[in-house]
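Shown next, in structure tokens, is the structure this report addresses.
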Amino acid sequence: MIRGSGSPLAWLSSGPGNVNLSSLGPAEGPTGSAASLPSPRAWDVVLCISGTLVSCENALVVAIIVGTPAFRAPMFLLVGSLAVADLLAGLGLVLHFAAVFCIGLAEMSLVLVGVLAMAFTASIGSLLAITVDRYLSLYNALTYYSETTVTRTYVMLALVWGGALGLGLLPVLAWNCLDGLTMCGVVYPLSKNHLVVLAIAFFMVFGIMLQLYAQICRIVCRHAQQIALQRHLLPASHYVATRKGIATLAVVLGAFAACWLPFTIYCLLGDAESPRLYTYLTLLPATYNSMINPIIYAFRNQDVQKVVGAKRSSKVGARRACPSGFSHQAGLLLCEVCGSRSTYVHGFLPAGVGS
């Protein structure tokens, strides 16, 4: 099945001379109501399964946040934004599979590719917003839990989703390669220039996250040292606690880089002539990022675990574990560094806070 300019169902580009993996060109088979649908390849099925898992995980996170009145803090708004973005990404993968291989709606392909571009952009933008929030919760611990923080959170969400919507609409409205295959990138029908813009935006976001997490490590190490002096802890204990926190940050950043860097680099280096297998091999890990985000940012949270446990045991009104007046986001990160919530409560905040 050769991809031509008249086959808008194609998603992953394979070059004019290669075998197409997503669509049946209109000049190659029967047309009309009796036309047969293209057969999915193994990679298409894997992407659809990944999309299903991503959708289920993030739908659960969204349901927990929406259904729990206590989860209205800025941190949970950002985690909810991340979950909604990943939910849209998962649904986009599933709907694209259905549109191409089950229904045969050619008109939906371009729209769904735009939805996927918007969803993945919003997911990465939400990760950046969470990183900014984590940094500010440590840098401005005394004023973090205030109306200013809530306002700043809504501004960040508006910027994230506004930018994602704009980048998602570009291929739908005009910036695509439907009229010229030579302009295509590794993902049809996104143009090479569009993919380059997305890749540059990713590297900018990744660079900012690296810088912020480096600052977080410095703050955490400084506070951990202060706690060790105040509580007369042994240097070995201080070293182990600090190393544990830095390892947690390394896992967060490492997972993000491992999932997205291969596809981003390939978007810069590849074009419409590049082998389709490389597109699959780099795109699939990117979808896994939306699969592990709920684990890193939601299910590891002690309050979320309490809510899930309460729902399992049919208990209502589970109370938050974090003491009143404390920055939950700062507590979440710093408790991971210290190894216990009590260390954070009694040592990390300045004197007079929460006493």
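Nothing in this text is a laboratory measurement; each read-out follows from the coordinates by a stated rule. As the structure is a computational prediction, the values presented were derived from the model and not from experiment. Ideal geometry is used to build each Cβ from the backbone, glycine not excepted, and the neighbour counts take in all protein chains shown.
Here the alpha carbons of the stretch 48-145 define both size measures, Rg and Dmax, at 16.3, 56 Å. Note on Thr182 and Met204: with the Förster distance fixed at 22 Å, the Cβ-Cβ geometry gives a FRET efficiency of about 0.20. Between the beta carbons of Ser146 and Ala247, assuming R0 = 30 Å, the FRET efficiency works out to 0.45 to the nearest 0.05. Taking 7 Å steps out from each Cα toward its Cβ at Ala310 and Leu165 produces label points 3.4 nm apart. In this simple spin-label model, placing a label point 7 Å from the Cα along the Cα-to-Cβ direction at both Ser39 and Ala255 gives a separation of 3.8 nm. Taking the charge dipole of the stretch 133-229 about its Cα centre, with +1 at Lys and Arg Cβ atoms and -1 at Asp and Glu Cβ atoms, the residue from Phe206, His194, Val155 reaching farthest to the positive side is Phe206. Electrostatic tally near Asn289: other residues with Cβ closer than 14 Å to its Cβ, Lys and Arg +1, Asp and Glu -1, net -2.
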